[in-house]
Amino acid sequence: MRRACSLCCATAALLLTTSCEDFFEIEPQNEIILEKFWTDKSDVENILAGCYSGMQADPVVRRMMIWGEFRSENVGVGQNIDKDVDLEKVLKENIDAKNSYTAWESFYQVINRCNTIIKYAPQVAAADPAYTQSELNANIAEVTALRSLCYFYLIRTFRDVPYTTEAFTDDDQKMDLPATKFENVLDSLILSLESVKSNAIEYYPTTEPRYQTGRITKDAINAMLCEMYLWKQDYDNCIRYADLVMESKKKWAEDNRSTMGGYGSSSSSTQYVRSGGYPLVNAYGNSYYGNAYNTLFTYDSYVNRYTPEIIFQLIYSDDPRGESMLANMAVNTLYGNATSIVGYAAPSDYVLEDINATSSRNIFADRNKKMDARLYENCNIALGSINKYVWHNVTIDATSSTPKVGYSGIAAEKYNGSNWIIYRLSDIMLMKAEALVMKAQDGATTEIATANKPLLDAAFQLVNWVNKRSVCETELVDTLLRSDYASKAQMETLVMQERQRELMFEGKRYFDLVRQARRNGNTQALSAAVQRKVTTGGALIANKMSKMDAIYWPYNYEELKVNTNLTQNPAFSSGENSSYEKNY
């Protein structure tokens with residue numbers, strides 16, 4: 001953690017000036033004086049809002065996107081990439097330690113704000129009778145989760161990172177911490193979340209509809225634990241926490257079915273049956289397909305509508321001047337806007353070729369033919385652009401053999417108000433499916449096949465529920481067949497494919513490949529995936545990524561200069577090289 005970056009949120013900590021009703025509209029001041037602060041409940045609420053504004057900030061979300069997706073085969077070079085040379089290097093797998101996207105201070109700023117609340121909030125509870133113990137506990141749970149989420153992004157990207165739960169509040173504190181091992185950080189994150197999960201808010205007031213998905217809830221913490229246990233390869237606990245989230249969402253949906261519109265008003269509705277009773281947003285609405293996309297990935301002016309499929313997201317506004325809220329500038333720049341429809345990034349040629357193919361697809365199942373709504377929702381095929389979070393409406397008329405697709409309402413430059421989803425229900429369902437597959441035994445004997453069958457059956461059912469939501473047929477149609485995925489290896493491929501097509505461009509794919517590489521103990525699948533998006537230089541990428549070290553990112557060169565206790569990732573030598581090609 002670079003000294004300047006840590007101090008800017010330690011001595012600064014964020015003096016915020018608006019009311020709790022405007023929680024997502026708070027803009028931070030630069031500095032506070034600690035001895036004059038932390039006296040009443042509003043101080044805690046204001047700094048807590050600053051934690052969220054730090055998460056919403058462009059440097060954080062931009063890295064969530066780039067770290068989690070852009071090294072995968074999903075993303076290629078878009079337009080105006082000359083304005084961001086460092087991004088072009090990432091997309092061409094030519095990363096060095098001086099690349100600006102290796103900088104992590106924006107995440108450590110949020111971490112330190114969270115640590116500061118954990119340190120000072122108890123003294124506020126002791127001084128202010130209006131700040132109750134239950135509110136203190138809930139706030140501690142909230143910032144513990146935000147801190148854990150930041151660290152989780154860091155370890156998935158860099159593997160070993162400096163880890164501390166101490167608040168840095170003055171210049172005399174030692175900040176040049178050595179890196180803590182991935183496994184130790186992960187264990188600490190799990191332990192901290194386990195210790196606070198029971199104190200988290202389950203439901204926010206209906207008068208604050210944005211809070212339910214825009215702030216940490218018990219479901220959000222359980223979703224984080226589900227994924228962390230998946231990375232830990234503790235599949236029983238992954239499944240346990242997936243079930244907690246799934247059942248919580250299902251119960252809420254059943255209790256509120258009459259107000260849920262597209263999900264279906266009765267247990268006999270098509271969408272209810274398609275999704276196994278879980279509240280996945282209906283893909284069909286107003287005589288067209290695309291309703292799920294339009295509900296999940298665009299700015300929703302009907303802010304009072306709670307979408308139970310979404311578990312946790314970062315909240316934005318499409319009119320930042322009018323609402324004093326941030327616009328989603330990361331998506332606006334990287335994915336596109338009305339001025340530049342193709343952003344700095346675009347669907348890779350590999351993805352576009354797969355979508356346009358009529359057979360032998362690698363991402364979209366051949367049986368789906370042209371019936372999978374996500375073929376048209378993820379990308380604008382004609383323009384070669386990324387749709388998700390950019391266009392407000394996608395309509396798919398599937399009444400003929402060749403669907404007719406329309407796009408409307410593209411976000412204006414600098415005014416993208418699409419919320420950035422961190423967790424949604426289909427993601428959790430597919431994590432559970434992955435864990436079920438991993439519990440199956442390797443081998444092809446009759447005994448193993450018999451033992452594996454219930455696990456693989458359950459995994460397939462989850463994938464099928466997610467997949468069927470996007471099938472452009474009003475009748476219930478299975479476009480996936482269980483018999484096509486008889487073995488453990490085949491079912492693992494299906495789960496990974498479904499995650500790729502369901503979560504494309506959501507900052508998930510590269511992390512999925514890293515998790516698979518850690519599980520397999522080799523980089524073969526990851527390296528093969530990355531090579532698919534290039535027409536030349538595949539051998540060089542294969543050489544670079546043959547070692548596990550290379551699938552992570554280097555520590556930033558400036559960070560190494562100020563923190564002598566950090567040792568550069570060996571795939572990137574000392575960090576002084578212009579690229580890590582020189583190591584081979």
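The values are calculated or read from the model by the stated rules, or taken from the named source; none is laboratory data. Predicted, not measured: the structure shown is a model, and the values here were computed from it. Glycine also receives a Cβ, built like all others from the backbone with ideal geometry; neighbour counts cover every protein chain displayed. Heavy atoms of the whole protein, side chains included, go into the accessibility calculation; ligands, DNA and RNA do not. Shrake-Rupley method; radii C 1.70, N 1.55, O 1.52, S 1.80 Å.
Structure data summary
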{"read-out": "Subset of segment 458-505 [in a loop (DSSP other than H, G, I, E, B), closer than 22 Å to residue 310 by Cβ and of a type in the set (A, V, I, L, M)]", "value": "503, 504"}
{"read-out": "Answer residue from segment 468-517, given it is hydroxyl-bearing (Ser, Thr, Tyr) and touching a residue at least 24 places away in the same chain (Cβ under 8 Å) and is farthest from residue 446 (Cα to Cα) among those", "value": "474"}
{"read-out": "Residues (at pLDDT 90 or above, of a type in the set (Phe, Trp, Tyr) and closer than 12 Å to residue 213 by Cα) located in segment 272-315", "value": "312"}
{"read-out": "Helices (runs of 4 or more DSSP H) enclosed by segment 166-267 - at least 1 residues per element that are over 15 Å from residue 152 (Cα atoms) and modelled with pLDDT under 95", "value": "209-214, 235-255"}
{"read-out": "Residues of segment 397-406 satisfying the condition of being open to solvent by less than 60 Å² (accessible area, probe 1.4 Å) and either more than 13 Å from residue 371 (Cβ to Cβ) or not polar (S, T, N, Q) (or both)", "value": "397, 398, 403, 405, 406"}
{"read-out": "Residues (open to solvent by 80 Å² or more (accessible area, probe 1.4 Å) and either at pLDDT 95 or above or not in a loop (DSSP other than H, G, I, E, B) (or both)) located in segment 568-580", "value": "570"}
{"read-out": "Criterion violated by residue 410 - all others in (1) at pLDDT below 95; (2) β-branched (Val, Ile, Thr); (3) touching an Asp or Glu at 6+ places or on another chain (Cβ under 8 Å) satisfied", "value": "(3)"}
{"read-out": "All positions within segment 510-531 that are open to solvent by 20 Å² or more (accessible area, probe 1.4 Å) and under 22 Å from residue 423 (Cβ atoms)", "value": "516, 518, 519"}
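Residue by residue, here is whether (1) crowded, with 19+ Cβ neighbours inside 10 Å; (2) among the small types (Gly, Ala, Ser); (3) in contact (Cβ under 8 Å) with a residue 60 or more places away in the chain; (4) in contact with a Gly (Cβ under 7 Å, 6 or more places away or on another chain) holds:
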position: 70; (1), (2), (3), (4): yes, no, yes, no
position: 77; (1), (2), (3), (4): no, no, yes, no
position: 97; (1), (2), (3), (4): yes, yes, yes, yes
position: 116; (1), (2), (3), (4): yes, no, yes, no
position: 121; (1), (2), (3), (4): yes, yes, yes, no
position: 132; (1), (2), (3), (4): no, no, no, no
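Residue-wise test of (1) within 22 Å of the chain's Cα centre (by Cα); (2) open to solvent by 10 Å² or more (accessible area, probe 1.4 Å).
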site: 150; (1), (2): yes, no
site: 155; (1), (2): yes, no
site: 158; (1), (2): yes, no
site: 170; (1), (2): no, yes
site: 174; (1), (2): no, yes
site: 182; (1), (2): yes, no
site: 192; (1), (2): yes, yes
site: 201; (1), (2): yes, yes
site: 226; (1), (2): yes, no
